[in-house]
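Asks: There's a structure below that I have some questions on.
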Ligand code: SF4
């Protein structure tokens, strides 16, 4: 948080979390939020957490608390295991594209799907391919902030594995996974 604030002196910065561990987190976390003017955004999942206790802690330490957008409805944005979707169409429809930017092992991705799909591959024995073209190496010599921003705003090859046509997106009930691949496809 200190590093983020030093580098982004004027922007809004928020810790985005499901909140589960917040009641147990050491006071140093709250103090850092306060000292570096960093807010707290909690996902509104239907899980049992002591929200009033969390809000009281935020108030005690002078930290701005907010909910993320309401999550009463849950949707599956299915994968296309054939990997032949239209990347531009998917990127244009995707709420994560250039919005849920992820840093993983020194590489920036325009979404959280691409850097994490390896866990899906491991679980289900699939071979969803992620290549260096799907991300930017922030340590590349000479790379500029403008180039990184440009890359984040463009479709990536991995978009071919998503399927964001409205007709294929379906709502699901909140619950514990059965661990079946059909839940994702
Ligand atoms: S790979 Fe493309 S379509 Fe899929 S989640 Fe990422 S940005 Fe969205």
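Asks: State all residues of the stretch 130-175 that are touching a helix residue (DSSP H, G or I) at 6+ places or on another chain (Cβ under 6 Å) and within 11 Å of the ligand (Cβ to nearest atom); if no residue qualifies, say none.
Replies: Within the stretch 130-175, 130, 134, 155, 156, 157, 158, 159, 160, 162, 164 qualify.
Asks: Before we move on, is residue 104 within 18 Å of the chain's Cα centre (by Cα) and modelled with pLDDT under 95? Lay out the reasoning, then the answer.
Replies: Values: within 18 Å of the chain's Cα centre (by Cα): yes; modelled with pLDDT under 95: no.
Criteria not met by residue 104.
Asks: In addition: Here's a check for you: in the stretch 87-100, which residue that is at pLDDT 95 or above and assigned to a loop (DSSP other than H, G, I, E, B) is farthest from the ligand (Cβ to nearest atom)?
Replies: Here the residue is 98.
Asks: With the requirement that a residue be in contact (Cβ under 8 Å) with a residue 12 or more places away in the chain, part of a helix (DSSP H, G or I) and under 18 Å from residue 111 (Cα atoms), what does the stretch 136-173 give you?
Replies: 148, 151, 152, 157, 158, 159, 160, 161 - these are the residues of the stretch 136-173 that are in contact (Cβ under 8 Å) with a residue 12 or more places away in the chain, part of a helix (DSSP H, G or I) and under 18 Å from residue 111 (Cα atoms).
Asks: Another question about this same structure. Condition test on residue 103, is it assigned to a strand (DSSP E or B), away from the ligand (no atom under 11 Å from the Cβ) and surrounded by fewer than 17 Cβ atoms within 10 Å (Cβ to Cβ)?
Replies: Numbers: assigned to a strand (DSSP E or B): yes; away from the ligand (no atom under 11 Å from the Cβ): yes; surrounded by fewer than 17 Cβ atoms within 10 Å (Cβ to Cβ): yes.
Yes.
Asks: Right, next: What is the one condition in (1) outside the structural domain of residue 33 (by TED's automatic domain parsing); (2) in contact (Cβ under 8 Å) with a residue 12 or more places away in the chain that residue 51 does not satisfy?
Replies: Looking at each condition in turn, residue 51 falls short on (1).
Asks: Can you tell me which residue within the stretch 106-121, out of those that are within 9 Å of the ligand (Cβ to nearest atom) and under 17 Å from residue 138 (Cα atoms), is surrounded by the fewest Cβ atoms within 10 Å (Cβ to Cβ)?
Replies: If we take residues in the stretch 106-121 being within 9 Å of the ligand (Cβ to nearest atom) and under 17 Å from residue 138 (Cα atoms), then 112 is surrounded by the fewest Cβ atoms within 10 Å (Cβ to Cβ).
Asks: Quick check on the stretch 122-135: of everything there that is in a loop (DSSP other than H, G, I, E, B) and surrounded by fewer than 13 Cβ atoms within 10 Å (Cβ to Cβ), which residue is nearest to the chain's Cα centre (by Cα)?
Replies: Here is the first cut: in the stretch 122-135, the residues in a loop (DSSP other than H, G, I, E, B) are 125-131, 135.
Pick out the ones that are also surrounded by fewer than 13 Cβ atoms within 10 Å (Cβ to Cβ) and you get 125, 127, 131.
Numbers: 125: 23, 127: 22, 131: 19 Å.
Only one residue tops the list, namely 131.
The values are calculated or read from the model by the stated rules, or taken from the named source; none is laboratory data. Treat the numbers as computed from the prediction; the structure is a model and nothing was measured. Reconstructed Cβ throughout: ideal geometry from the backbone, glycine too, with neighbour counts over all protein chains shown.
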